Amino acid sequence: MNMHPLAKLDHKYVWHPFTQMRDWLKREPIVIAAGKGAVLHDAKGRKYLDANSSIWTNLHGHNHPKINASVNQQLKKIAHSSALGFANEPASHLAERLVQFANPTRSANRKLSRHLGKVFFSDDGSTAMEVALKLAYEFSRRTGRKNPKFLSLSGAYHGDTVGAVSLGHIDLFHKAYGGLLFKSDKVAAPYCYRCPFNRAKPERADAREYRKCNWECIGVLEQKFSARKKKGDSYAAFAFEPLMQGAAGMIPQPAGWLKRATEIARANNALLVADEVMTGFGRTNSQLPSTASKSKIPSFACHEENVQPDFLALAKGLTGGYLPMAATLTTQKIFDAFLGEYEEFKTFFHGHSFTANQLGASAALASLEILQSNASRRARKILELSLRQELKHLWDLPNVGDVRQVGLVVGIELVRDWRTREPFDLHERAGIRVCEKMAESGVLTRPIGNVIVLMPPFCTTPSQTRRMVEAVYHGCKKAFG
């Protein structure tokens, strides 16, 4: 095989994340060399559409001139200086902008009771959640709880650091590390397509549209909190991905679930930890402004149901997909619990070498400015409508069981037969096989088990959207005969 020299180097030296390397080494990898907009170029000159925004990070497209200019301008000043003992210009401005984004002012959200006014910077989604977890744990201890416990959803994935893994409930990812973890509790997620309480027979539509239930999932959540209370203490915090669980298989929550669930948590004195690493920065919302540019719309999924958390974890799209950077936003009340005299050691003892990095902050500031522009809002609305229209064609396929879309995020669940919902066995590599066929036709994405993910950059055109969905359609035809 005439393998590209860069592919040979990769095979020789690189260990890839979430990848069975024995399979990886059997074939030549695609070596990405360049990108523009929603298009990627490999080292052999082939072009591909980036159908998952380079693992859910790239908001506005590759090589965006505004973000490029912002990073280049910062490079002329300084690339990085420590946040341990020093402040810097772009990070200070970014913290201010994030606080503005996290506290909507539009009338529908004026009832949000908690002001997220403090920003702790870190490196990625895992560390953003690790920060939230440590802060919630220590705040709970300092306000009277002796042994704070955490509740999260079945199928939860909140990152790969030890604390974040402890909040997760995907055995495939986490079982091997059981001896390293602390125990957290889980409660059933509202997975309408495979919900044991949903009495509806399969239809050719998103399962949330034809479900037949009595919100039993909310009843189960109430029971979980009640059972904990009977043991003498309530949960310290409830962690969740709002509107859609990502690594669980793009599991969307039916309208109203988030509001109900968080009201129960609040009634039981639990802090709310919103993991918006995937859902943040307009991914789940594409509303057009009702008036001119000053009209604010939700940039975060939790605000679409008027939920304001105590901790908001951000990463992935924060810098527009340019540089690794994350942030955890929280309230003044939690911040104040860590104030004291030097010798009291109330400091939050946690940090990262590249915290508040100037280049990352500069990219993020440019990304937020783009996100607020009317042009970006129009592009997001067009993309959402294009996806919704094109996805209808997938219902013709017998191996498509559910197509679920929340804003600009899509999960397509593959099954043996849509009439029975019977899943493929993992060893059959159904999702991977379809994605391999998609790559052959010039569209790149990565499956989650038997779920094909489409999460394109906001700049994706209707014709590019059509090509992406057609690649799924023909990929299924080729993979399953």
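The values are calculated or read from the model by the stated rules, or taken from the named source; none is laboratory data. Since this is a predicted model, take the numbers as computed values, not measurements. Virtual Cβ from ideal backbone geometry, glycine too; neighbours counted across all protein chains shown.
What do you reckon, is residue 208 in contact with a strand residue (DSSP E or B) (Cβ under 7 Å, 6 or more places away or on another chain), in contact (Cβ under 8 Å) with a residue 60 or more places away in the chain and either closer than 23 Å to residue 127 by Cβ or in the same structural domain as residue 274 (by TED's automatic domain parsing) (or both)? Criteria met by residue 208. Contact annotation: residue pairs with Cβ atoms under 7 Å, 6 or more positions apart or on different chains, pairing a residue in the stretch 331-348 that is assigned by TED's automatic domain parsing to the domain that holds residue 309 with a partner that is of a type in the set (Lys, Arg) and assigned to a helix (DSSP H, G or I), are 337/142.
Among the residues making up the stretch 28-61, those that are within 20 Å of the chain's Cα centre (by Cα) and either among the hydrophobic types (A, V, I, L, M, F, W, C) or assigned to a strand (DSSP E or B) (or both) are 38, 50, 51, 55, 56, 59.
Against the list (1) under 19 Å from residue 24 (Cα atoms); (2) crowded, with 23+ Cβ neighbours inside 10 Å, the condition residue 439 fails is (2).
Given 351, 401, 340, which one is in contact with an Asp or Glu (Cβ under 6 Å, 6 or more places away or on another chain) and outside any helix (DSSP H, G or I)? Give the steps one after another, and end with the answer.
Numbers: 351 fails: in contact with an Asp or Glu (Cβ under 6 Å, 6 or more places away or on another chain); 340 fails: in contact with an Asp or Glu (Cβ under 6 Å, 6 or more places away or on another chain).
Of the residues listed, the single one that is in contact with an Asp or Glu (Cβ under 6 Å, 6 or more places away or on another chain) and outside any helix (DSSP H, G or I) is 401.
Determine if the stretch 456-465 includes at least one residue that is within 17 Å of residue 403 (Cα to Cα), outside any helix (DSSP H, G or I), modelled with pLDDT of 95 or more and out of contact with any Phe, Trp or Tyr (no Cβ under 8 Å at 6 or more places or on another chain).
yes
Within the stretch 442-466, being closer than 17 Å to residue 394 by Cα and either among the acidic types (Asp, Glu) or surrounded by fewer than 20 Cβ atoms within 10 Å (Cβ to Cβ) (or both) holds for 462, 463, 466.
Starting from residues that are surrounded by fewer than 18 Cβ atoms within 10 Å (Cβ to Cβ) and of a type in the set (S, T, N, Q), keep the ones in the stretch 386-426 and report whichever is nearest to residue 446 (Cα to Cα). In this case the residue turns out to be 389.
Number of residues in the stretch 185-198 that are under 22 Å from residue 265 (Cα atoms) and in contact (Cβ under 8 Å) with a residue 40 or more places away in the chain equals 5. Number of residues in the stretch 1-53 that are among the hydroxyl-bearing types (Ser, Thr, Tyr) and touching a residue at least 40 places away in the same chain (Cβ under 8 Å) equals 2. Filtered by the rule that a residue be among the small types (Gly, Ala, Ser) and within 22 Å of residue 300 (Cβ to Cβ), the stretch 212-248 gives 237, 239, 246, 247, 248. Checked against (1) closer than 23 Å to residue 317 by Cβ; (2) touching a helix residue (DSSP H, G or I) at 6+ places or on another chain (Cβ under 8 Å); (3) not aliphatic (A, V, I, L, M), residue 449 meets all criteria but (1). Regarding residue 116, is this residue at pLDDT 95 or above and closer than 30 Å to residue 92 by Cα? Yes; evaluated as a whole, the condition is true for this residue.
Every condition in (1) surrounded by 15 or more Cβ atoms within 10 Å (Cβ to Cβ); (2) closer than 20 Å to residue 269 by Cα; (3) not basic (Lys, Arg) holds for residue 143 except the one numbered (1). Residue-level check: of (1) of a type in the set (D, E, K, R); (2) outside any loop (DSSP other than H, G, I, E, B); (3) out of contact with any helix residue (DSSP H, G or I) (no Cβ under 7 Å at 6 or more places or on another chain); (4) over 24 Å from residue 206 (Cα atoms), residue 437 misses just (3).
Yes/no per residue for (1) part of a loop (DSSP other than H, G, I, E, B); (2) outside the structural domain of residue 273 (by TED's automatic domain parsing); (3) within 21 Å of residue 336 (Cβ to Cβ); (4) touching a residue at least 40 places away in the same chain (Cβ under 8 Å):
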position	(1), (2), (3), (4)
83	yes, no, yes, yes
86	yes, no, no, no
94	no, no, no, yes
97	no, no, no, yes
101	no, no, no, yes
114	yes, no, yes, yes
117	no, no, yes, yes
133	no, no, yes, yes
157	yes, no, no, yes
